[in-house]
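All remarks here apply to the structure that follows.
The values are calculated or read from the model by the stated rules, or taken from the named source; none is laboratory data. These numbers come from a predicted model, not from an experiment. Note that we place each Cβ from the backbone using ideal geometry, even for glycine, and neighbour counts take in every protein chain shown. Just the protein is used for accessible areas: all its heavy atoms, side chains included, with ligands, DNA and RNA removed. Shrake-Rupley method; radii C 1.70, N 1.55, O 1.52, S 1.80 Å.
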Amino acid sequence: MTIKVFPSYPLFTDLTGQPLDNGYIYIGSAGADAQTNELTAYSDKDLTSPVVQPVRTINGYPSISGSPGALYVNAADFSLTVRDKAGVLVYSAVNTTQVVASATLQLAGDLTGSTAIVSGSTAQLTATVVDNSHNHTIANIANLQTTLDNLQTDVDGKADLSGDPVTFTGSVIAPISTSSIGALTLTSSHLNTQLIATGNITIDTTIGASAGDKIKVVNNTGGNINIIDGTITTMRLAGTANTGTRTVAQYGVAELFFVDANTVIVSGTGVI
């Protein structure tokens with residue numbers, strides 16, 4: 001963080017423009033002569049330490065207990081008279097609060113907003129970012145690529161894909177895997193997989209299927225294989241009312257779709 005260095009205290013000059021040394025500062029009520037209508041001034045912004053007037057100067061700075069300081073008043077406006085060490089008038093004004101004429105802080109570029117600046121008051125500026133005014137890429141957003149590459153379950157609720165095996169919850173569709181089998185009775189491990197079969201396939205209710213489960217069976221032989229209706233309640237040939245065991249011709253492909261736990265529809269190429 002950086003801040004600009006600037007003078008901590010106001011500098012008063014004499015008639016020649018040189019720092020006013022051992023001069024006099026009078027602070028009075030607004031609209032009146034400062035020397036005859038004194039207004040209480042303080043050396044702290046909390047207004048707890050009043051100063052004795054006239055305030056003397058040291059090399060142009062107000063002298064507070066022998067050291068340079070600042071002056072504060074509890075008023076929106078005040079009068080001011082400044083004299084040199086000989087009492088010669090340097091400056092006098094019955095009103096010192098200045099409004100900066102037509103001064104407006106205006107934002108530009110990707111930000112919009114403006115506010116008037118008035119001396120002695122606080123100006124509030126509300127900035128609005130212009131829609132679609134700039135673009136962001138992964139490259140110019142700090143650490144975004146690293147974060148995306150290392151997402152864990154505790155980051156934005158993303159699934160942790162590390163480890164073996166990976167466990168999912170909710171409505172998750174597992175990727176289809178392929179295995180080669182001979183004749184067997186299907187189990188739940190065969191749901192939502194592709195099977196390259198060389199023997200008959202039997203379906204029983206013990207498979208534990210749910211609505212929407214699928215199995216693809218590929219007959220990888222030069223002869224027929226059967227998809228046997230075991231204890232499953234209903235095995236139906238797709239597009240017909242025919243039920244019972246289905247035959248898959250040589251090198252045919254059968255698609256098994258479970259309507260529910262006890263109903264399966266068989267379709268595909270070479271399926272009768």
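Results, tabulated for the structure shown:
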quantity: Theoretical gain in end-to-end length, I181 to N22 [0.36 nm per residue, Cα-Cα removed]; calculated: 46.5 nm
quantity: At 1.002 mPa s and 20 °C, Stokes D of the stretch 1-78 from Kirkwood alpha-carbon radius, µm² per second; calculated: 160
quantity: Heavy-atom accessible area per residue - the stretch 1-94, 1.4 Å, Å²; calculated: 62
quantity: Förster radius 51 Å - calculated FRET efficiency between N226 and I138 (Cβ-Cβ, nearest 0.05); calculated: 0.40
quantity: Gain upon complete extension [D149, S267; 0.36 nm per residue less C-alpha separation]; calculated: 38.3 nm
quantity: Residues whose placed amide H lies under 5 Å from that of S63, excluding near-sequence neighbours; calculated: R56, T57, I58
quantity: Sorted peptide list for 239-252, 24-37, criterion being average Cβ within 10 angstrom, highest first; calculated: 24-37, 239-252
quantity: Heavy-atom accessible area per residue - the stretch 213-272, 1.4 Å, Å²; calculated: 47
quantity: Inter-label distance, nm, simple model (7 Å from Cα along the C-beta direction), T36/T247; calculated: 12.9
quantity: Cα-based equivalent ellipsoid of the stretch 175-272: semi-axis lengths in Å, sorted from largest, via gyration tensor; calculated: 18, 16, 12
quantity: Distance in nm between pseudo-label sites at A238 and K85 (7 Å out along the Cβ direction from Cα); calculated: 10.8
quantity: Packing-based ranking, highest mean first, of 143-149, 85-91 given that Cβ atoms within 10 Å are counted; calculated: 85-91, 143-149
